[in-house]
1. Once the convex hull of the C-alpha atoms of segment A:63-159 is built, how many Å³ does it hold per residue, rounded to a whole number?
2. Under 21 Å from the Cα of A:LYS93, which lysines turn up, not counting those fewer than eight places away in the same chain?
3. Which of B:LEU66, B:LEU41, B:LEU121 moves the most in a Gaussian network model of chain B with Cα springs under 10 Å?
4. Give me the Kirkwood hydrodynamic radius of chain A in Å, from all C-alpha pairs, to one decimal place?
5. Nothing charged except the Cβ atoms of Lys and Arg (+1) and of Asp and Glu (-1): what's the magnitude of the dipole of segment A:1-129 about its Cα centre? Round to the nearest 20 debye.
6. Gaussian network model of chain B, Cα springs within a sub-10 Å range: biggest mean-square fluctuation belongs to which of B:ALA205, B:ALA214, B:ALA26?
7. Any chance you could check the Cα centroid distance between segment B:99-177 and segment B:38-67 for me, in angstrom?
8. Give me the percent relative contact order of chain A, please, defined on Cα pairs under 8 angstrom at least 6 residues apart.
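What follows draws every value from the coordinates through simple rules; no lab data is involved. For clarity, every value in this text was computed on a predicted model and none was experimentally measured. As a convention, Cβ positions derive from the backbone with ideal geometry for all residues, glycine included, and neighbour counts pool all protein chains shown.
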Amino acid sequence: MVPGTLLQLTGPNGSGKTSLLRIIAGLMAPENGEIRWHGKDIRSLDEEYSRSITYIGHRNGVKEELSSLENLRISSGIAGFDITQNQARQALKRMGLQDREELPARFLSEGQRRRSALARLLTCDTALWLLDEVLASLDHAAAALIETVIGDHLAKGGMAIVATHQELHISAVSFQRLELANGISSDATLLEWSR
Amino acid sequence: MRAPSTFSMFRWIVKRDLMLAWRRRADVLSTLFFFVIVASLFPLGIGPETHLLRSIAPGVVWVAALLASMLSLGRIFANDYQDGTLEQMLLSPQPLYLIVLGKVLAQWLVSELPLVIIAPLVGVQFGLSGETLLVLFISLLIGTPVLSLIGAIGAGLTLGLRGGGVLIALLILPLYIPVLIFGSGAVDASIMGVEVMANIYLLLALLVLGTVFAPWAAAAAVKISLE
């Protein structure tokens with residue numbers, strides 16, 4: 001993959017989209033093969049690699065007891081991006097959570113919680129985004145917004161791997177689609193990035 | 001957006017867990033009440049036999065503290081595991097060792113420190129003298145962080161398992177034995193009027209060992225559980 005690339009992972013349920021994303025994020029060890037970042041195996045890079053990726057999985061990573069504002073500031077802080085109250089407010093406003101940012105996340109709807117999780121994309125400064133079922137439970141407007149955000153990221157030379165069944169309307173320098181069937185085969189897809 | 005220091009991330013972790021504990025006060029209070037009630041049942045059950053009470057006090061208070069700490073252990077990682085925030089922590093550019101250390105510190109502050117503070121009050125029911133109460137307080141102050149540190153390993157290993165609570169107890173309680181022996185030993189020594197510092201130093205040694213190795217082991221356990 002080169003800067004500006006969008007890779008869409010498709011395939012039936014259980015075909016291994018999430019597993020592949022988790023392997024790329026470094027959360028799971030591949031049975032075979034390796035993932036390379038700038039030519040080096042990510043398992044030997046560890047924290048240096050973590051600094052370059054943002055992974056948003058099935059589970060939102062949003063604490064029910066905390067407000068969207070607190071959630072965003074804390075998760076950004078943990079991900080290595082200290083943001084101010086104002087930056088967090090702006091990101092949430094753009095995600096359409098205005099006036100709800102102080103509400104504990106358990107009072108938000110599923111879609112709003114998803115938006116609150118995705119607000120992280122606006123406050124991070126990473127090269128590679130790994131997004132699992134990113135458009136799930138989002139309405140049309142929010143889905144379009146996320147597509148724009150991903151598009152902007154790609155235009156700035158970022159990369160994204162998105163697992164979804166839905167059609168993505170994103171303009172990218174290079175758009176690839178990887179169809180997974182019956183699990184990841186044992187000859188292991190080798191993914192390599194270079195800049 | 002500036003790149004934060006390791007310390008700033010550590011602060012975020014501790015602050016976050018303290019905030020969460022504050023929003024779930026009932027959980028924290030239940031641990032404290034459990035400790036007070038269990039330790040108070042003995043004087044009530046045995047009756048006003050001062051001599052007997054005084055001799056069982058160190059063991060009873062320490063065992064009650066041990067069991068109370070078991071109650072809160074599951075919460076160190078389990079909730080974060082369920083909502084996916086633990087995954088995000090694993091992807092943090094900071095060492096997992098520090099994240100675990102931060103979480104253990106927060107857990108100790110909310111679940112164990114109140115217990116340490118109230119322990120002298122519980123000790124009064126056993127007819128302990130002022131000096132012995134102080135030793136009890138100090139031994140718990142040094143010993144309970146070790147319980148949290150060891151407990152984090154068990155919590156990490158049993159992440160995502162059904163019936164993890166019982167398994168944690170089986171895994172961790174044997175490892176608590178040294179802390180129990182030295183902790184109650186210090187209080188015992190004080191009651192008998194002999195030197196208490198030997199036991200206190202041993203507890204301190206356990207604390208140092210625990211701080212160095214336990215977060216590292218717990219971090220490895222969490223990583224394995226999430227794969």
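1. Convex hull of Cα atoms, per residue: 91 Å³.
2. Within reach: A:LYS63.
3. Result for chain B, Cα springs under 10 Å: B:LEU41 fluctuates most.
4. Answer for chain A: a Kirkwood hydrodynamic radius of 17.2 Å.
5. Dipole size: approximately 360 debye.
6. Greatest mean-square fluctuation among the candidates belongs to B:ALA26.
7. 18 Å
8. 43 percent
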